1. Pairs, please: C-beta under 8 Å, at least 6 apart or cross-chain, first residue more than 20 Å from residue 21 (Cα to Cα) and in region 43-59, second surrounded by 16 or more Cβ atoms within 10 Å (Cβ to Cβ) and among the hydroxyl-bearing types (Ser, Thr, Tyr)?
2. For region 91-120, which residues satisfy the criterion of being over 21 Å from residue 141 (Cβ atoms), of a type outside the set (A, V, I, L, M, F, W, C) and part of a helix (DSSP H, G or I)?
3. Give me the pairs: first residue in region 7-18 and without any contact (Cβ under 8 Å) to a residue 60 or more places away in the chain, second residue open to solvent by less than 50 Å² (accessible area, probe 1.4 Å) and among the β-branched types (Val, Ile, Thr), beta-carbon distance under 6 Å, and six or more apart or on different chains, which are they?
4. What about residue 51, is it of a type in the set (Phe, Trp, Tyr) and open to solvent by 80 Å² or more (accessible area, probe 1.4 Å)?
5. For region 22-35, does any single residue satisfy the condition of being assigned to a helix (DSSP H, G or I) and more than 13 Å from the chain's Cα centre (by Cα)?
6. When residue 93 is evaluated against the numbered criteria (1) surrounded by 12 or more Cβ atoms within 10 Å (Cβ to Cβ); (2) at pLDDT 95 or above, which criterion, by number, is the only one it fails?
7. So which residues in region 123-149 are open to solvent by less than 70 Å² (accessible area, probe 1.4 Å), in a helix (DSSP H, G or I) and closer than 30 Å to residue 95 by Cβ, if there are any at all?
Amino acid sequence: MASSKTRELTLMAIFTAILLVGQVALGFLPNIEVVSLLIILYTIHLKKKVFFVIYAFVLLEGLIYGFGLWWINYLYIWSILALLTLCFQKQTSVFFWSLLSGFYGMGFGALCSIPYFFLSGTKAAFAYWVSGLMYDIPHCIGNVIICMLLFKPLNGILEKAVCSE
């Protein structure tokens, strides 16, 4: 029988792989993704250990797609979602998580504009954010729908995977 540390490490590796497969599988759809939902669920179940999953996922994305400015964004963007989830982790309402996921999708472009603020100033950051609003809207809608449909079934699966011994 594997030790609990080995089991935990294996689960985190599997969760990382699921994030990557989910992201790649839906990559052809503009800003429709399961990563937000999965990070919320992983954070609920793994607590602070979710950051290992997040950074392994972001590293793998960099290896696949290259390491550009977008990659630096992902280092903090997914961590912010995990931190928000940790703040509200006692919430059990699918509606609450769907709204959080939707607002997060709507704010994604604003979060991505932060490096442009430091590199080129307020006007460049604002221009970057505004130019991406047409992608943030479907991101918001997609996150809400995906969370409404998949939160409960995936949460049940994760409860069994993380808690079973």
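The values are calculated or read from the model by the stated rules, or taken from the named source; none is laboratory data. Just so it is clear, the structure is predicted and the values come from calculations on it, not from any experiment. Glycine also receives a Cβ, built like all others from the backbone with ideal geometry; neighbour counts cover every protein chain displayed. The protein model used for the area step is the full one, side chains on, heavy atoms only, and it has no ligands, DNA or RNA in it. Shrake-Rupley method; radii C 1.70, N 1.55, O 1.52, S 1.80 Å.
1. 44/85
2. 115, 116, 120 - these are the residues of region 91-120 that are over 21 Å from residue 141 (Cβ atoms), of a type outside the set (A, V, I, L, M, F, W, C) and part of a helix (DSSP H, G or I).
3. Taking only residues 6 or more apart or on different chains, the pairs are 12/53; 15/53; 16/53.
4. Spelling it out, it is not the case that residue 51 is of a type in the set (Phe, Trp, Tyr) and open to solvent by 80 Å² or more (accessible area, probe 1.4 Å).
5. yes
6. Unmet for residue 93, out of (1) surrounded by 12 or more Cβ atoms within 10 Å (Cβ to Cβ); (2) at pLDDT 95 or above: (1).
7. Within region 123-149, 130, 133, 136, 138, 139, 140, 142, 143, 144, 146, 147 meet the criteria.
One line per residue, one yes/no per condition, for (1) of a type in the set (Lys, Arg); (2) surrounded by 12 or more Cβ atoms within 10 Å (Cβ to Cβ):
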| site | (1), (2) |
| --- | --- |
| 6 | no, no |
| 11 | no, yes |
| 14 | no, yes |
| 18 | no, yes |
| 22 | no, yes |
| 28 | no, no |
| 35 | no, yes |
| 38 | no, yes |
| 47 | yes, yes |
